[in-house]
1. Within the set of pairs 6 or more residues apart or between chains, which connect a residue that is without any contact (Cβ under 8 Å) to a residue 40 or more places away in the chain inside segment 19-43 to a residue that is of a type outside the set (D, E) and not in a helix (DSSP H, G or I) with Cβ atoms less than 8 Å apart?
2. With the requirement that a residue be surrounded by 12 or more Cβ atoms within 10 Å (Cβ to Cβ), among the basic types (K, R) and modelled with pLDDT of 90 or more, what does segment 13-68 give you?
3. Could you go through segment 20-35 and let me know if any residue there is under 21 Å from the mean Cα position of the chain (by Cα) and of a type in the set (S, T, N, Q).
Amino acid sequence: MIMSSTGGMGVDMQRAVKHLAKTLAVKRNETYSKVAGLVRCQFSFALARAALMCLRGSRSLYCTFRLQEAFEGPADLALQEIAGEF
């Protein structure tokens, strides 16, 4: 399934969203158009979050502690970590 960050969807993704929206609309007794818009919006935000995680990395404690060690330790240690020699 293909979905772009601007909202474009491949054929398989369109089918999946339509099926999901139809199923949720029947289950929740709501109109299809509102549910379909909500599903598309949720997929778009999930895609944006995933892209942001790829660009920025995770917020794990390990990453935070490693960065603090690099800035608090001697300059040689920080340069070794940046160069990948550590």
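1. A25/T31; R40/G7
2. R15, K18, K22, K34
3. Within segment 20-35, none of the residues are under 21 Å from the mean Cα position of the chain (by Cα) and of a type in the set (S, T, N, Q).
The values are calculated or read from the model by the stated rules, or taken from the named source; none is laboratory data. Model, not experiment: these values are computed from the prediction. Note that we place each Cβ from the backbone using ideal geometry, even for glycine, and neighbour counts take in every protein chain shown.
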